[in-house]
Amino acid sequence: MISSIQGKYFMTRPVSVKKPHGRNNAAVVTAPWSELSIDASRCVKCGRCLSVCPVFRESTREPAGARGKLALIECTASGEVAIASARLKELISFCLLCGACAEICPNLVRGDEIIQRSREALSSRQIFSSPTLVALSHILPFPQRMDNLHKVGQIALSRFLRKIPGESGLYWRFPLSRASKLPLFPQLADKAFLPTRSRQHDPTSGSVAIFVGCVSNYIYPHIAEAVLAVLGHLKISVSIPREQGCCGLIAYGLGKMDVVRRLAKRNIEVFGSTSPGPIVAFCSSCSAHLKSYSTLFADEPWNREALAFSERVQDLSEFLTGVGFCSQSDRGTSAPSYRVTFHDPCHLRRKQGIFEEPRQLLRSLPEVQFIETGKEALCCGSGGSFGLKHYDVSMRIFQRRYRSIEEEAVDIVVTSCMGCLLQFINGIHYYNKAIRVKHLAEIMQESL
C-alpha cells in the first residue's frame, strides 16, 4: 500500500518504511496510532483539500497537503510507515493547522485535528528538542517564571541581537549577512502588563474579565491598554486576574497535551474567582482555544468547570458588537481618511465562525473606508511555531495573502490575532513593503 501511495501521490523522497513482522510490529503500533489510522482512513483521497491548503500551494508536494499526511497516518497501523521515522515527524510538522482542509472536505474529515493528534502521539516519543521541552513543561505554565524569562529576554536581546526600525516599535534580528531574510524579533516591553494593571482591577467586581495572553502581556501591552480604553468608553467595568497564564495554544499545536491541560486548569481556576460575566479575549487565537477547553476534559471531573469557563469566553469583536458598539459610533459627515482592510485569522473565521463582526466594527468608525480583501479566506502563514520552523514557506504563504491587499492600495491592515499581527510585520519587512498594521483594538481606540 505504501508503495502505491509513494508512486502515485508523493513524487518525493520516501518516508521510512517498516515491514510488518508479527509481534514486533504489534509492539511498535500503539493504541493512539491505531485510532488515528482509523480516522485518517475516512479520507477518500479526492484531493479537494489540496486546492485550499496554503502549504501545498507553495510546495506542490503531496506530503505537504492533508491528503498526503492522512495517507501516511493511515499506514502507521499496519507498520508500513515507521512511527519513529524522522521524515514522518518532519512532514507532520509541515502544517499550519489552519482548518482549510476540514472546511472543504466533502466527507467531513477533520484533517487538522487528526494531524494535531498525531503530533500529540509523536510528542510522547520526545521528538522535540530539550530547550523546547523545558520551556513548554517548566516555564510556560508558571506566570512568575514567565515574568523572569521576560526580564532575561530583555537583556539577551540587547546584547546579542541588532536593533532595526519597525512599524510597531523597535525590532531585533540576528547580525548575520542574510539577516534581512531572518525573522524579526519584537522588542519586549519594558514592563509586563499584568503585574501592573491587575492590581488596579478587582477580580470580583468587574462586569467582564479580560484574558490578556502572552504576546500582549510581554510585547504589546499598548494593545491591552487599547482594549481597556474601548471598554472604558462604553463604561464597562473590567477585572484582570493576575495569575492568569498562557492559553495553551502553542503547546497544543506541538502536541504537548499534558502542558495544555495544566494551563487550562490554571485559567479555569483563576477566572472562576471572577464575577460570572463574559471573559473577553482580544487575541482571536486565544479566544478560539479558550472556547475549546471543554473538549480537553471530556472524561474527567474537570469537564463541568471547563464547559462553564468556555461558555463565558467571547472574542473582542463578538463582545463589542453584542453590546452595541456599532450603534453607538458616530461616523459624522467627513470623508474617510484611511483605506482599511481586515485580515481574518483562521482561528476567528474557521474555528469560531466569526466573520461579519470585525467588519461591522470597522465600518462604524469615522475616517475609515473599509475595503474587502479577505474573500478567499487565505491564511497569513503564521501557524504558531510553523512560521519559525518553516520560515521561507511561511513568507511565501504570506505573499499570496498580501497580494490582494496590495492590489487594493490599502493604507492599514487590521487583524485581531497576535500571531497574524507578528506575521504581517515580519512579512512586510521580508518583502520590503510599506503599509501599516494594527490590532483591531488599536484602530478602535484611535476613533474614540
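The values are calculated or read from the model by the stated rules, or taken from the named source; none is laboratory data. All of these numbers come straight from a predicted model, not from anything done at the bench. Counting neighbours? That spans all protein chains shown, and the Cβs are built from the backbone with ideal geometry, glycine included.
Residue pairs whose Cβ atoms lie under 6 Å apart, separated by 6 or more positions or on different chains, with the first residue in segment 134-145 and under 15 Å from residue 242 (Cα atoms) and the second aliphatic (A, V, I, L, M), are 141/263; 145/139.
Out of the residues in segment 219-251 that are surrounded by fewer than 23 Cβ atoms within 10 Å (Cβ to Cβ) and among the hydroxyl-bearing types (Ser, Thr, Tyr), state the one that is farthest from residue 93 (Cα to Cα). Checked segment 219-251; the qualifying residue farthest from residue 93 (Cα to Cα) is 237. Taking the criterion of being modelled with pLDDT of 95 or more and in a helix (DSSP H, G or I), the residues of segment 93-115 that qualify are 100, 101, 102, 103, 104, 111, 112, 113, 114, 115. Within segment 356-369, residues that are surrounded by fewer than 16 Cβ atoms within 10 Å (Cβ to Cβ) sit with their Cβ atoms under 8 Å from residues that are of a type in the set (Asp, Glu), at 6+ positions apart or across chains, in these pairs: 366/330.
Return the residues of segment 255-312 that are among the hydroxyl-bearing types (Ser, Thr, Tyr) and either within 17 Å of residue 227 (Cβ to Cβ) or touching a residue at least 60 places away in the same chain (Cβ under 8 Å) (or both); say none if nothing qualifies.
273, 274, 275, 284, 285, 287
Filtering segment 57-73 to residues that are closer than 20 Å to residue 376 by Cβ, of a type outside the set (A, V, I, L, M) and outside any loop (DSSP other than H, G, I, E, B) leaves 57, 58, 59. Can you name the residue in segment 324-338 that is touching a residue at least 40 places away in the same chain (Cβ under 8 Å) and surrounded by 15 or more Cβ atoms within 10 Å (Cβ to Cβ) and, of all such residues, is nearest to residue 424 (Cα to Cα)? Going through the qualifying residues, I end up with 338.
For segment 409-435, enumerate the residues that are of a type outside the set (Val, Ile, Thr), over 15 Å from the mean Cα position of the chain (by Cα) and at pLDDT 95 or above. Walk me through how you get there before you give the answer.
Just the residues of segment 409-435 that are of a type outside the set (Val, Ile, Thr), to begin with: 409, 411, 416-424, 426-427, 429-434.
Subset that is over 15 Å from the mean Cα position of the chain (by Cα): 409, 411, 426-427, 429-434.
The one that is of a type outside the set (Val, Ile, Thr), over 15 Å from the mean Cα position of the chain (by Cα) and at pLDDT 95 or above: 411.
Summed over segment 18-56, the residues that are surrounded by 17 or more Cβ atoms within 10 Å (Cβ to Cβ), at pLDDT 70 or above and assigned to a loop (DSSP other than H, G, I, E, B) give a count of 3.
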